[in-house]
Amino acid sequence: MVYKTLIPNIITIGNMVCGLAAIAFGVSGGALLGAYLIFLGMILDFFDGKVARLTNTVSPFGAYLDSVTDIITFGIAPVVLVFMITPLKYRFVISSFLLIYAVCGAFRLIRFTRDVHAKKGEMFTGMPIPAAAGVLMSSLVLYQHSHLSYSYVWMSVFLLGNSALMISRLPYFHFAKLMDRVPFGSKVGAGIGMALFIGFGYYYAIFFLLFSLYAVFGIQWPVRQFFFGKLLPNR
């Protein structure tokens, strides 16, 4: 029984290791690898809660460990990586937006830990910090792979936009629940589009596309209006 309670916490610690390793790679010039480690952390973050519920080992300790891990992997690590890829002449400007992102991410996690409604599994209040980190890291991957010139204006927009969405009161679907509501035809079209991106060698653009779409269409009310033409009841 003791070992069963350790399993979800071990997965969470694996997520934390991904975040710490991402920071280490970021400061040593490996920002791209750091971004991929954050994506791996997102996968672990998705499974630790599922495993805890399946094994009936949900605990306050696990919830607090998850929050601390999230602020490291999805709050601090993205800030370090973005700062490290920013040219020296823009770092002072970007630092202020990175600070706003980190503070908003911490606020978002504190509210989630406190908010009983968010734990019911029906929706999030505000965009989850892993999704916000996903938008930032996918833009970093896009820059690195496509060799685009760095734009501190666009990065500032991404940082401010994600910060605002995290602390907003907008209701966001869980990603899995959003996929359940998307029509089958749309899923097929998305799958074909992803296959084409991969086939033409633009696999790195998929990350940015997916996270950007979730940032917009993960909000419950536009999904309800556009896909169903009516408001669905809050549960």
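Structural remarks
- The listed residues are 47, 74, and the only one of them that is part of a helix (DSSP H, G or I), more than 29 Å from residue 95 (Cα to Cα), in contact (Cβ under 8 Å) with a residue 24 or more places away in the chain and hydrophobic (A, V, I, L, M, F, W, C) turns out to be 47.
- Residues (in a helix (DSSP H, G or I), in contact (Cβ under 8 Å) with a residue 40 or more places away in the chain and more than 14 Å from residue 77 (Cβ to Cβ)) located in region 1-44: 4, 5, 7, 8, 9, 11, 12, 13
- Flag if residue 196 is part of a helix (DSSP H, G or I) and at pLDDT 85 or above: no
The values are calculated or read from the model by the stated rules, or taken from the named source; none is laboratory data. Please read these numbers as outputs of a predicted model, since none were measured by experiment. For neighbour counting, all protein chains shown are included, and Cβ atoms are generated from backbone atoms with ideal geometry for every residue, glycine included.
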